[in-house]
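Novice: Would you mind keeping the following structure in view while I ask a few things?
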Amino acid sequence: MKTLIIYAHPNDKSYNASILETVKENLSSKHELKILDLYKERFDPVLRFDTIGSGPAGLSAAVYASRAMIDQVVIEKEMLSIRNGIRARGIFPTWWSGMPAILKGFIERVFVAGFAYENTPRGLDGKLTGKAWIITTHNTPKIVLPLVQDYSKVLKFQVLKPCGIKSVKVTQVSPVEYMSDHKRKEVLKKIAK
């Protein structure tokens, strides 16, 4: 079973890094694991439009040319690793009510028409399959959470599901800054299950 972890936090000593380690340690040996650490990979989140380029397998040259990638080889590799029946895990902090810009750029550059979905007269036709688990950390007090933008739900309902990934679990860890070490360990135990 292929499992892709998309990780977006610049500090390898953060609580997000502890979550990443916990998820890695608790995957069974049946999983073929790939970790895409967007910061360590120095992923370029900037979407550039160009007229040069040909598409990777499954993308027409015209569609691909409209979103020509500077680091085309990296993008094509990620597209192929996501395409069919993947179990994806997304681990990231929520900053200013949104995901880190590097992750937003990844979505804009990889989840493109002709690959992740097709535009139809009736809306999007998702092309991806598999399951996803979004784990996000933030400092929003739980009592306020229903009143603010929740980007994990935006990712679930406006990106992953329309692209065909129907089974999406969301885990929110909050308020991270004010959690005791004991509470942090409890949360890691829950994630490990």
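The values are calculated or read from the model by the stated rules, or taken from the named source; none is laboratory data. Given the structure is predicted, the values throughout are model-derived calculations rather than measurements. All Cβ positions, glycine included, derive from the backbone under ideal geometry; neighbour counts span all protein chains shown. Side chains are part of the model used for accessible areas, which takes the heavy atoms of the whole protein and leaves out ligands, DNA and RNA. Shrake-Rupley method; radii C 1.70, N 1.55, O 1.52, S 1.80 Å.
Novice: Could you name the lysines in cross-link range of LYS185, using Cα to Cα under 27 Å and dropping any fewer than eight places away on the same chain?
Specialist: Cα-Cα hits under 27 Å: LYS13, LYS24, LYS30, LYS34, LYS40, LYS131, LYS142, LYS153, LYS156, LYS169, LYS193.
Novice: For segment 103-193, with only Lys/Arg (+1) and Asp/Glu (-1) charged at the beta-carbon, what is the dipole magnitude about the Cα centre, in debye rounded to 20?
Specialist: Values: 17 positive and 7 negative charges, 79 e Å.
Roughly 380 debye, rounded to the nearest 20.
Novice: Show me, for segment 105-118, the HN-Hα J-couplings you get by feeding each phi into the Karplus relation (A = 6.51, B = -1.76, C = 1.60, θ = phi - 60°), rounded to Hz, glycine and proline as x.
Specialist: Along segment 105-118, the couplings run x, 4, 4, 5, 8, 9, 7, 9, 4, x, 10, 7, 7, 10 Hz.
Novice: Something else: Tell me the accessible surface of VAL187 in square angstrom (1.4 angstrom probe, heavy atoms of protein chains only), to the nearest ten.
Specialist: 20 Å²
Novice: Based on Cβ point charges of +1 for Lys and Arg and -1 for Asp and Glu, what charge dipole magnitude is obtained for segment 150-193 about its Cα centre, in debye rounded to the nearest 20?
Specialist: Values: 11 positive and 4 negative charges, 61 e Å.
Dipole of segment 150-193, to the nearest 20 debye: 300 debye.
Novice: If you don't mind, there's one more thing I want to ask. Give a quick list of chymotrypsin sites (Phe, Trp or Tyr not before Pro) in segment 93-164 that DSSP marks as loop, anything other than H, G, I, E or B, with at most 15 other Cβ atoms within 10 Å. Present the calculation step by step, with values, prior to reporting the outcome.
Specialist: Values: sites: TRP95, TRP96, PHE106, PHE111, PHE115, TYR117, TRP133, TYR151, PHE157; in loops: TRP96, PHE111, PHE115.
Qualifying residues, ordered by number: TRP96.
Novice: So who's got an amide H within less than 5 Å of the one on ILE35, skipping anything under 5 residues away but keeping other chains? H placed 1.01 Å off N, in plane.
Specialist: For ILE35, whose amide H was placed from the backbone, the distant partners under 5 Å are ILE5.
Novice: Of GLY98, ASN119, LEU145, which is farthest towards the positive pole of segment 96-146's charge dipole, taken about the Cα centre with +1 and -1 on the beta-carbons of Lys, Arg and Asp, Glu respectively?
Specialist: LEU145
Novice: Let me ask something else about it. Amide H neighbours of GLY90 under 5 Å, at least 5 residues apart or on other chains, H built in the peptide plane: list them.
Specialist: ILE6, TRP133, ILE134, ILE135
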